[in-house]
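These notes concern the structure reproduced below.
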Amino acid sequence: MASPLTMLPARLLPRDRVVVVSPSSWPDSRADLDPLLDSLQSWGLRPELGAHVVDRRGYMAGTDADRLTDLNQALRDPDVRAVIASTGGCGSLRLLRGVDQDALERDPKPLVGYSDITALHQLWRRSGVPAVHGAVDGAHRDAVREQLMDAAPTLVRNDPGAITAALTTTGRASGDLVGGNLEMLARTAGVVETSWQGCILLLEANKAAGLGMVDRALAQLRLSGALDGITGVAVGSFEEFAGYQDRGWTIVDTLHDLLDDLGVPILGGLPLGHLPDPVPVPLGVPAVLDADAGQLSVGALVR
């Protein structure tokens, strides 16, 4: 099975409500949300904040129950047309068992976020509802508007100067684009049942630890069978590992060692993930990876 039956959400229209939630960590301050809210308002949308979006409990935005309540209320409200994560951080994995997937499938709505939000994206994948790996932030914020409101496809070109560009092979692959942050993908293996067979897998990571973190996460995905049948690998940012070595190996050595023998086209150097201005891309919709041309083409997120 290449993918679940994809249920494209309706494109957003001016005056539509969108809700900003914090399923993981908290934004540094309420004022830090102003650029996000200003962008959404400039698109003609009506953004609202979840009740607990700036709560603080350790490194998380309030209790698990409160964060889950904000998310489920947004999913159950028929007037809410998209859900926007305020930030990543840590905590979304704790919510997986409580997310109202029935509500999501009755009324599909995209979830915009990345990093720790990758855990929730796996639930969207299981329900067949597309999501956005990215944020309403930085130089590419208008790309999210075009994806949500114009049903625009997305074209991502690789950066030959990025450290993962060295992983690029030859060939062409097609399939739904799935994946996201490597650590969170590994953490959800065996927790969220979903298939990536026939799909292009997106991988990116921040340097929370050394090469062992990447090695363990990729090895777990391989041993669990999650990578069986994928058609290609789209490698986003691992730039935080630039200049780092572990006993003579770099991040490129580790990725080569764990990806090359999959025998599928690999396109590295994509500006996706943990970068100052990452490009947002839809997940869960058809894509084409062209390693020879150095580009990833992703279809429309909404209808």
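Could you work out the relative contact order of the chain, using alpha carbon pairs under 8 angstrom and six or more residues apart, expressed as a whole percent?
Computed value for the chain: 22 percent relative contact order.
Using alpha carbon coordinates only, what is the Rg to Rh ratio of segment 211-303, with Rh defined as the Kirkwood radius?
So for segment 211-303, dividing Rg by the Kirkwood Rh gives 0.97.
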Charge dipole magnitude, Cβ of K and R +1, D and E -1 - segment 1-130, Cα centre, debye nearest 20: 300 debye
Using 20 Å bins from zero, what percent of all Cα-Cα pairs in the chain falls into each bin? 37, 58, 5
Whole-Hz ³J(HN,Hα) for each residue in segment 121-132, computed from phi via Karplus 6.51 cos²θ - 1.76 cosθ + 1.60 with θ = phi - 60°, x for glycine and proline: what do you get? 4, 5, 5, 4, 4, 4, 7, x, 10, x, 9, 10
Sorted by chain and number, the residues with a modelled amide H under 5 Å from that of Leu45, at a separation of 5 or more or across chains, are Arg15
Using the alpha-carbon centroid of each, what span in Å lies between segment 150-204 and segment 1-60? 23 Å
Mean Cα-pair separation over length for segment 109-160, i.e. relative contact order, pairs under 8 Å, 6 or more apart, %: 31 percent
Rounded to whole Hz and in sequence order, give me ³J(HN,Hα) for segment 74-80 from the Karplus expression 6.51 cos²θ - 1.76 cosθ + 1.60, θ = phi - 60°, writing x for Gly and Pro. 5, 5, 8, 7, x, 7, 7
Students often check this: by mean Cβ neighbours within 10 Å, which of 207-216, 147-156, 91-100, 243-252 ranks highest, and how do the rest follow? 147-156, 91-100, 207-216, 243-252
Debye intensity ratio in log₁₀ form over the Cα atoms of segment 17-149, taken at each q of 0.21, 0.22 Å⁻¹: -1.32, -1.47
Taking the Cα centre of the chain as origin, sum charge times position over the Cβ atoms of Lys and Arg (+1) and Asp and Glu (-1), and report the length of that vector in debye to the nearest 20. 600 debye
Given the DSSP H assignment, sum -39500 (n - 2.57) over each helix run of at least 4 residues in the chain and divide by its residue total; what's the result at 222 nm in deg cm²/dmol, nearest 500? -7000 deg cm²/dmol
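Let's see if you can work this out: charge +1 on each Lys and Arg Cβ, -1 on each Asp and Glu Cβ, no other charges. What is the dipole magnitude of segment 231-303 about its Cα centre, in debye to the nearest 20?
Numbers: 2 positive and 10 negative charges, 71 e Å.
My answer is approximately 340 debye.
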Does anyone have the angle between helix 211-223 and the longest principal axis of the chain? Alpha-carbon axes, 0 to 90°, nearest 10? 90 degrees
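Read-outs throughout are calculated quantities, based only on the coordinates presented, and are distinct from any laboratory measurement. Please read these numbers as outputs of a predicted model, since none were measured by experiment. For neighbour counting, all protein chains shown are included, and Cβ atoms are generated from backbone atoms with ideal geometry for every residue, glycine included.
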